[in-house]
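A.B. asks: Have a look at this one before I ask anything.
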Amino acid sequence: MKAELYADRHFPIGDIDKRIYGSFIEHLGRAVYNGIYEPDHPTADDMGFRGDVMELVKKLGIPVVRYPGGNFVSGYNWEDGIGPRENRPRRLEPAWNSIEPNTIGIGEFQLWARRAGCEPMLAVNLGTRGAAEAKDLIEYCNFPRGTKLSDLRRSHGYEEPFGIKYWCLGNEMDGSWQMGHKTAEEYGRLAAETAKLLRMVDPSVEITVCGSSSSGMATFGQWEETVLGHTYDLVDYISLHSYYGNRDNDTAQYLACSKDMDSFISTVASICDVVKARLHSDKTMMLSFDEWNVWFHSNEQDKKVEKWSVAPPLLEDIYTFEDALVLGCLLITLLRHADRVKMACLAQLVNVIAPIMTENGGRCWAQTIYYPMLHACSYASGKTLRSSVSCEEYDAGRYGTVPYLESVVTVDEEKRQITVLAVNRSLDEDMDLTIELSGYGKPVKTEHIALRCPDLKAVNSADRPDAVLPEIVPPAEKTVLSKHSWNVIRFGY
Ligand code: AHR
């Protein structure tokens, strides 16, 4: 099969904000306990953080990490996780039917994030709590000294403020499963007052308000309009969440699910612009896709997990090679919306629907989905160029007709590098790809990395961490994308 990809220097889409390569750690399953934190592990540092996990996180180059939830945050008392550990309560945690020991709280987490090279993004509880508790939390975290809560932080050994810049106003407040679920009116008012208070304490913060928890919600659209009606001038981003899965075991259809993400983003951006026009505002609302991933493998096994234990093995999806291809398509989609999507969080980072897995007390390895994330984060910087694709299409069932080629062109003018990320969705045929990059003289292909595997269901594991690994494609004049493959094609100019 032949395909052509054109891009022109004079037609950029927008600057790529590195924060679209963010991730997420929730107090859920083994993400925190036996994930990032395991004091008895042979690689643990002085704080009990696992060194092997830290190494894989650093290699990914994640710029921001959302914390502490997720559904968890809607019942969380942040005060439970501060001060001497012997005084911290064990709490019933109804979001995930677990017990929360509170060994890790905001102080420890922000330290972990800094050590891992990431900025923390903190969600406040707007489910069972409200604006006052959020104000107390930001005073504890960000106020320098001389008040009850800033001095309390200092007494806990943190002399310097945490300087947490990114704040989320609750989590999925449109969902009936959420503790303290609200209507759009109820949430919109609460979110506005909370944003106001957060900014009064620290005017330098950037705030995300909750959009819909998926585009499939009955209230989708109406929710965004109402919530933004209350908060437009007070927040910087509206959130989007979406998870995908090969539930019909139809790989051709599954590989097209990025079309759904694409239309979700366009629709939310349009709704934001409607509110902007209605309010006669000069400000353009940006989007934070702060939960996205593949999530379906663990659904059945999670039903069997024993309730009310500490760090049960929940949401432990083991990702296949085809999931990595889907992840690549989703990353390409986020990049193609670089003008509006300024933050995004791959949900999540360790053990819970995650690119990194651990054994309690044992080994740690990168799942298949780790690699597209690593490549995008390492190479797709600068700005995204508008591109046009000429290639055969196929019928992808519920997603309609899609081209076999999913791709994006990015250019980093400082580094004088162009990166093409591309997935060949064909399950049968290699693709002979012609790339025309206009306005850059004669760009020279410097590298072609590919993730390919004959077995779409192949997985990495502790025993076989290298079953699916990227490889350097031997230099060739032609660019050939193997059937069902993820590709990074790099040029210098
Ligand atoms: O990431 C897992 C869960 O998915 C989060 O807790 C919640 O926000 C979403 O429904």
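A.B. asks: So which residues in the range 162-194 are more than 16 Å from the ligand (Cβ to nearest atom), assigned to a loop (DSSP other than H, G, I, E, B) and of a type in the set (A, V, I, L, M), if there are any at all?
C.D. replies: Of everything in the range 162-194, just one residue is more than 16 Å from the ligand (Cβ to nearest atom), assigned to a loop (DSSP other than H, G, I, E, B) and of a type in the set (A, V, I, L, M), namely Ile164.
A.B. asks: Identify, by number, the condition in (1) in contact with a Lys or Arg (Cβ under 6 Å, 6 or more places away or on another chain); (2) surrounded by 24 or more Cβ atoms within 10 Å (Cβ to Cβ) that Tyr399 doesn't meet.
C.D. replies: (2)
Residues are listed down the side, and each one gets a yes or a no for (1) in a loop (DSSP other than H, G, I, E, B); (2) under 19 Å from Ala458 (Cβ atoms); (3) more than 16 Å from the ligand (Cβ to nearest atom):
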| site | (1), (2), (3) |
| --- | --- |
| Ser281 | yes, no, yes |
| Leu287 | no, no, yes |
| Trp292 | no, no, no |
| Lys307 | yes, no, yes |
| Glu316 | yes, yes, no |
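A.B. asks: If a residue counts only when it is surrounded by fewer than 23 Cβ atoms within 10 Å (Cβ to Cβ), in contact with a strand residue (DSSP E or B) (Cβ under 6 Å, 6 or more places away or on another chain) and not acidic (Asp, Glu), which strands (runs of 3 or more DSSP E) contained entirely in the range 1-97 have at least 2 such residues? It would help to see each step written out before you state the result.
C.D. replies: Numbers: elements: 2-15, 22-24, 64-67, 91-93.
Because the criterion is at least 2 residues that are surrounded by fewer than 23 Cβ atoms within 10 Å (Cβ to Cβ), in contact with a strand residue (DSSP E or B) (Cβ under 6 Å, 6 or more places away or on another chain) and not acidic (Asp, Glu), the strands (runs of 3 or more DSSP E) in the range 1-97 that meet it are 2-15.
A.B. asks: Taking the condition under 22 Å from Ala354 (Cα atoms) and among the hydroxyl-bearing types (Ser, Thr, Tyr), does Tyr237 pass? I'd like the intermediate steps shown before the answer.
C.D. replies: Working: under 22 Å from Ala354 (Cα atoms): no; among the hydroxyl-bearing types (Ser, Thr, Tyr): yes.
Criteria not met by Tyr237.
A.B. asks: While we're on this one: Counting only residues that are of a type in the set (Ser, Thr, Tyr) and farther than 14 Å from Ile332 by Cα, how many does the range 405-432 have? Please lay out each step first, then the result.
C.D. replies: Residues of the range 405-432 that are of a type in the set (Ser, Thr, Tyr), as a first pass: 407, 410, 419, 426.
If we keep only those that are farther than 14 Å from Ile332 by Cα as well, we get 426.
Summing the residues that are of a type in the set (Ser, Thr, Tyr) and farther than 14 Å from Ile332 by Cα in the range 405-432 gives 1.
A.B. asks: Where in the range 365-442 are the strands (runs of 3 or more DSSP E), entirely inside, with at least 3 residues that are under 28 Å from His297 (Cα atoms) and either outside the structural domain of Val57 (by TED's automatic domain parsing) or modelled with pLDDT under 95 (or both)?
C.D. replies: On the way: elements: 383-391, 393-395, 401-403, 405-412, 417-424, 431-438.
Hits in the range 365-442: 401-403, 405-412, 417-424.
A.B. asks: Just to be sure I understand, how many residues within the range 263-279 are loosely packed, with under 15 Cβ neighbours inside 10 Å and under 16 Å from Thr231 (Cβ atoms)?
C.D. replies: Let us first name the residues in the range 263-279 that are loosely packed, with under 15 Cβ neighbours inside 10 Å, namely 263, 266, 270, 273-274, 277-279.
Checking the rest, the ones that are also under 16 Å from Thr231 (Cβ atoms) come to 273-274, 278-279.
Within the range 263-279, residues that are loosely packed, with under 15 Cβ neighbours inside 10 Å and under 16 Å from Thr231 (Cβ atoms) number 4.
A.B. asks: On to the next question. Could you give every pair whose Cβ atoms fall below 6 Å, whose first residue belongs to the range 464-488 and is in the same structural domain as Thr410 (by TED's automatic domain parsing), and whose second residue is part of a loop (DSSP other than H, G, I, E, B) and crowded, with 19+ Cβ neighbours inside 10 Å, counting only separations of at least 6 or pairs across chains?
C.D. replies: Going by the 6 Å Cβ cut-off, the qualifying pairs are Ala467/Asn460; Val468/Thr368; Val468/Cys453; Val468/Asn460; Lys483/Ser426.
A.B. asks: Pick from Asp323, Asp317: which is of a type outside the set (Phe, Trp, Tyr), closer than 24 Å to Ala450 by Cα and without any contact (Cβ under 8 Å) to a residue 40 or more places away in the chain?
C.D. replies: Working: Asp323 fails: without any contact (Cβ under 8 Å) to a residue 40 or more places away in the chain.
Sole residue among the options that is of a type outside the set (Phe, Trp, Tyr), closer than 24 Å to Ala450 by Cα and without any contact (Cβ under 8 Å) to a residue 40 or more places away in the chain: Asp317.
The values are calculated or read from the model by the stated rules, or taken from the named source; none is laboratory data. Model, not experiment: these values are computed from the prediction. Every residue, glycine as well, gets a Cβ built from its backbone with ideal geometry; the counts of neighbours run over all protein chains shown.
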